[in-house]
Amino acid sequence: MPVESGSSAAARQAKQKRKSHSLSIRRTNSTEQDRSGLQRDMLEGQDSKLPLSLRSNLLDLFSQIEREFENLYIENLELRREIETLNDRLAGEGQTFEGADLAKGALKTKASHSTSQLSQKLKTTYKASTSKIVSSFKATTSRAVCQLVREYVGHRDGIWDLSVTRTQPVVLGTASADHTAMLWSIETGKCLLKYLGHQGSVNSIKFHPTEQMALTASGDQTAHIWRYMVQLPTPQPVADISQTPCEDDVDFSDKDEADGEVEGPNDCPSVRTAVTTLRSHQGVVIAADWLVGGKQVVTASWDRAANLYDVETSELVHSLTGHDQELTHCCTHPTQRLVVTSSRDTTFRLWDFRDPSIHSVNVFQGHTDTVTSAVFTVGDNVVSGSDDRTVKVWDLKNMRSPIATIRTDSAVNRISVSVNQRIIALPHDNRQVRLFDMSGVRLARLPRSNRQGHRRMVCCSAWCEDNTSCNLFTCGFDRQAIGWNINIPALLQEK
């Protein structure tokens, strides 16, 4: 009687398993209609505020997800069985090579190569199936529209900070590591003015609330106040840029475009002299801001102190000390005499100057790494971002614990909050910009690919509340600022 070989037996066993797998698929498909009908009957009997059509659409989506994962699970089991069969067959054949170390090594290599191929096949199948599910789900639920309107190119080094004027004419200001600050026409992208008064990196720029004056902080250990006069050029027709749904990250790539020498605007007028120079710090001045009314300014430095100055006399009014490490940012309240400073010591501090006789300070320890920025909102909230990859929303009336925590996958840089829509824009080290509401719900992610978006770390974001073509600006270490038009329906914000 002939004896069946080990290899033929294994092949017959695999064939039977594939046959049983196909039968199980048929059984699954045969009961699919019954299951969906039963689920729809259950939906009609449930009490929900969602429209029946929307609930039915969600049910279909989740049914597709369940079927895809069920098929993946079955295929995974089948691949595991084939791997075990292959290993058993190779182990059986290896027994015939007694004392042959070279043959054993060859068999081990062959087994490793075969199992790696099967593993790669499993990973490829899983990624393809799940990406198809997620893509269909995104296309159905993402209604926020983010449009890249204009790029502002001209700096010769990374851009640390940017800001929009609060008076007419409305222009965009950028602060760069190339020792300059520039003012730009929002509508045309043309450089209107260049400030050349600093001897070090310009780390921040803020505009006076009522006058045409700018405040810049620099690595040369000073802060400058300088006046500007600009004339807006005639707006050019806006190119027909198709609206891109936020989340549409079509072509992510870790390959950055080659950095060539960027030609700065040669015909841009310049200012070289400051009206006021503030010189009390012993280290890099990393940020500065105007107090409400514009008669005083506050600066934050790597010497672990924040200084309060009188604008008219340039005199130091207060030195705000207490941080254990370098300061990273400072911000003032838009309507009250409040200042918040953030530091590498993982804390941020709230300084209260509303009562001239009492200057109180509160320390907040909600983060586990450098607090990169903390900003006020128009209401009674403070929003803080950190290198610990979180953003926290605090209530000024009760700041013992945050009222919302946003967890991300990358360090967060200088954040900003929209006054009108109360949306937080998060610039990340990983070149992404995400939008959240004040309750911590993610609204959108700005599109980024090889063709648009930032190619380096995104350092800062700033909102523009005026009626311009762009309502959000971002800048990064790819030497450019970008103007975006963000349209988030009210229904999506209320979720």
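The values are calculated or read from the model by the stated rules, or taken from the named source; none is laboratory data. Computed from a predicted structure; not experimentally measured. Don't worry about glycine lacking a Cβ; one is built from the backbone with ideal geometry, like all the others, and counts go over all protein chains shown. In case anyone asks, the SASA skips ligands and DNA or RNA and just uses the protein heavy atoms, side chains included. Shrake-Rupley method; radii C 1.70, N 1.55, O 1.52, S 1.80 Å.
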Open item on the list: When you scan the stretch 343-361, do you find a residue that is closer than 22 Å to THR222 by Cα, part of a loop (DSSP other than H, G, I, E, B) and within 31 Å of the chain's Cα centre (by Cα), even just one?
Closed with: yes
TODO: Tally the residues that are touching a His at 6+ places or on another chain (Cβ under 8 Å), closer than 14 Å to VAL298 by Cβ and surrounded by fewer than 20 Cβ atoms within 10 Å (Cβ to Cβ), restricting the search to the stretch 333-353.
DONE: 1
TODO: Among the candidates GLN282, GLN296, single out the residue that is at pLDDT 95 or above, in contact with a strand residue (DSSP E or B) (Cβ under 7 Å, 6 or more places away or on another chain) and open to solvent by 10 Å² or more (accessible area, probe 1.4 Å).
DONE: GLN296
Open item on the list: Considering only residues that are of a type outside the set (Asp, Glu) and open to solvent by 10 Å² or more (accessible area, probe 1.4 Å), which ones fall in the stretch 204-221?
Closed with: LYS206, PRO209, THR210, GLN212, MET213, GLY219, GLN221
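Every residue in the stretch 312-324 that is without any contact (Cβ under 8 Å) to a residue 40 or more places away in the chain and not hydroxyl-bearing (Ser, Thr, Tyr), please.
Residues satisfying the conditions are GLU312, GLU315, LEU316, VAL317, HIS323, ASP324.
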Task: In the stretch 188-205, the residues that are hydrophobic (A, V, I, L, M, F, W, C) and farther than 12 Å from GLY173 by Cα - done: LEU196
- [ ] Would you point out the residue of the stretch 384-422, among those that are free of Cβ contacts under 8 Å to residues at least 24 places away in the same chain and assigned to a strand (DSSP E or B), that is nearest to GLU465 (Cα to Cα)?
- [x] ASP395
TODO: Among residues belonging to the stretch 425-484 that are of a type in the set (S, T, N, Q) and outside any loop (DSSP other than H, G, I, E, B), point out the one that is surrounded by the fewest Cβ atoms within 10 Å (Cβ to Cβ).
DONE: GLN480
TODO: Pull up the stretch 354-386, narrow it to residues that are touching a Leu at 6+ places or on another chain (Cβ under 8 Å) and of a type outside the set (A, V, I, L, M, F, W, C), then point me to the one that is most open to solvent (accessible area, probe 1.4 Å).
DONE: ARG354
Open item on the list: For the stretch 308-317, check the following and say yes or no: at least one residue is modelled with pLDDT of 55 or more, small (Gly, Ala, Ser), assigned to a strand (DSSP E or B) and within 29 Å of ALA177 (Cβ to Cβ).
Closed with: no
Task: Count of residues meeting criterion [crowded, with 19+ Cβ neighbours inside 10 Å, more than 15 Å from CYS331 (Cα to Cα) and out of contact with any Leu (no Cβ under 9 Å at 6 or more places or on another chain)] in the stretch 407-420 - done: 1
Open item on the list: I'd like to know if the stretch 162-173 contains one or more residues that are at pLDDT below 95 and charged (D, E, K, R).
Closed with: yes
Task: Subset tally (residues that are in a strand (DSSP E or B), open to solvent by less than 30 Å² (accessible area, probe 1.4 Å) and either of a type in the set (A, V, I, L, M, F, W, C) or in contact with a helix residue (DSSP H, G or I) (Cβ under 7 Å, 6 or more places away or on another chain) (or both)) for the stretch 144-176 - done: 9
